[in-house]
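Visitor: I'd like to ask some things about the structure below.
The values are calculated or read from the model by the stated rules, or taken from the named source; none is laboratory data. What you see is a predicted model; the values in this text were computed from it and never measured. Counting neighbours? That spans all protein chains shown, and the Cβs are built from the backbone with ideal geometry, glycine included.
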Amino acid sequence: MPKSYLIDMDGVIVRGSELIPGANSFLDRLPERGIKFLILTNNPLYTPRDLQHRLQRIGVNLTTEHIYTSALATAQFLKAQHPDGTAFVIGESGLTNALHEVGYILTDHDPDYVVVGETTSLNYERLTQAVRWVSKGARFIATNPDPSGPGEGGLVPACGAITAFIETATGIQPYFVGKPNPLMMRTALRFLNEHSSNTIMVGDRMDTDVRVGTEAGMETVLVLTGVTTREMVEKFPYRPTRIVESVAELEME
């Protein structure tokens, strides 16, 4: 059986709102060869359907079944931990929809969990509510630890920056579900119905993609189209199985 692929999105398939050259051709070849794959993203802002539409606009044709986000992984984690629970949420539709789909009720009153993702409309009032619920005993969960991410015009604050505010105010650390937590890999593998020993993780970051692939027992491929240079690899105590300039090189295999 051919190996399956878990493929990071930002820095591997797209760079900002631009398609990385050769990425669409690589993705087209996978189903032609009967290879199972998922596009992974730590970004919890959008639903799979939203991401499908955004990718379609730049020439990538995928079904929603090929997209897996940290919001979906977070929802699956909460469903397993506390079925039909309640949550106070700081986040957008990607996270709120995922929680609704697993039976969670979103509430501002005595929630079981405070769940933080990313949002473009953060306000002080909701941060204060989150701080108060966490300090009163609500369990503190976050989709991903990324402190910042790419945006139009430069960096934008991401989930890790929002949780830092709450953590500093309460002294309580969140549990991050997304990369580099291997939990996200395990839920993605179950979604794909695949085993780690038969899966390749493709990413552009040593500290998340290669680390989580290594810890989950996968073969790893580092692409140099994102944030990592070849020289930076030597600074880490672990190494990718392979380093390629871009996913376009993987077409030749």
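Visitor: Being touching a residue at least 40 places away in the same chain (Cβ under 8 Å) and within 16 Å of the chain's Cα centre (by Cα) is the filter here, so list the residues in region 201-226 that pass it.
Guide: Residues satisfying the conditions are Met201, Val202, Gly203, Asp204, Arg205, Thr208, Asp209, Gly213, Gly226.
Here is a yes/no grid of residues against (1) closer than 17 Å to Met218 by Cβ; (2) touching a Pro at 6+ places or on another chain (Cβ under 9 Å); (3) assigned by TED's automatic domain parsing to the domain that holds Arg211:
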{"site": "Gly11", "(1), (2), (3)": "no, yes, yes"}
{"site": "Val14", "(1), (2), (3)": "no, no, yes"}
{"site": "Pro21", "(1), (2), (3)": "no, no, yes"}
{"site": "Ser25", "(1), (2), (3)": "no, no, yes"}
{"site": "Phe37", "(1), (2), (3)": "yes, yes, yes"}
{"site": "Asn61", "(1), (2), (3)": "no, no, no"}
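Visitor: What pairs come up if the first residue lies in region 93-104 and is of a type in the set (A, V, I, L, M), the second is surrounded by fewer than 18 Cβ atoms within 10 Å (Cβ to Cβ), and their beta carbons are under 7 Å apart, counting only those six or more places apart or on different chains?
Guide: Close Cβ pairs satisfying both conditions: Leu99/Leu106; Val102/Lys79.
Visitor: From the set of residues in region 137-160 that are over 11 Å from Val114 (Cα atoms) and surrounded by fewer than 17 Cβ atoms within 10 Å (Cβ to Cβ), which is modelled with the highest pLDDT?
Guide: Pro147
Visitor: Also, quick follow-up: Checking the structure you have, find out if any residue of region 69-87 is crowded, with 20+ Cβ neighbours inside 10 Å, in the same structural domain as Ile141 (by TED's automatic domain parsing) and either of a type in the set (D, E, K, R) or not in a helix (DSSP H, G or I) (or both).
Guide: Yes; the residues of region 69-87 include at least one that is crowded, with 20+ Cβ neighbours inside 10 Å, in the same structural domain as Ile141 (by TED's automatic domain parsing) and either of a type in the set (D, E, K, R) or not in a helix (DSSP H, G or I) (or both).
Visitor: Let me ask you something else. On the basis of being in contact with a Phe, Trp or Tyr (Cβ under 8 Å, 6 or more places away or on another chain), in a helix (DSSP H, G or I) and not basic (Lys, Arg), does Leu95 make the cut?
Guide: Against the criterion (in contact with a Phe, Trp or Tyr (Cβ under 8 Å, 6 or more places away or on another chain), in a helix (DSSP H, G or I) and not basic (Lys, Arg)), Leu95 does not qualify.
Visitor: Still on this structure, I have one more. Hey, can you tell me all the residues within region 1-26 that are within 23 Å of Val156 (Cα to Cα) and assigned to a loop (DSSP other than H, G, I, E, B)?
Guide: Across region 1-26, the qualifying residues are Met9, Gly11, Val12, Ile13, Gly16, Ser17, Ile20.
Visitor: Could you list all residues from region 1-36 that are touching a residue at least 60 places away in the same chain (Cβ under 8 Å), closer than 30 Å to Thr120 by Cα and touching a Ser or Thr at 6+ places or on another chain (Cβ under 8 Å)?
Guide: Selection gives Leu6, Asp8, Asp10, Gly11, Val12, Arg15, Ile20, Pro21, Ala23.
Visitor: Let me ask something additional. What pairs come up if the first residue lies in region 72-88 and is farther than 20 Å from Leu192 by Cβ, the second is of a type in the set (Ser, Thr, Tyr) and assigned to a loop (DSSP other than H, G, I, E, B), and their beta carbons are under 7 Å apart, counting only those six or more places apart or on different chains?
Guide: The qualifying pairs are Leu78/Tyr104; Gly85/Tyr104; Thr86/Tyr104; Thr86/Thr107; Ala87/Tyr104; Phe88/Thr107.
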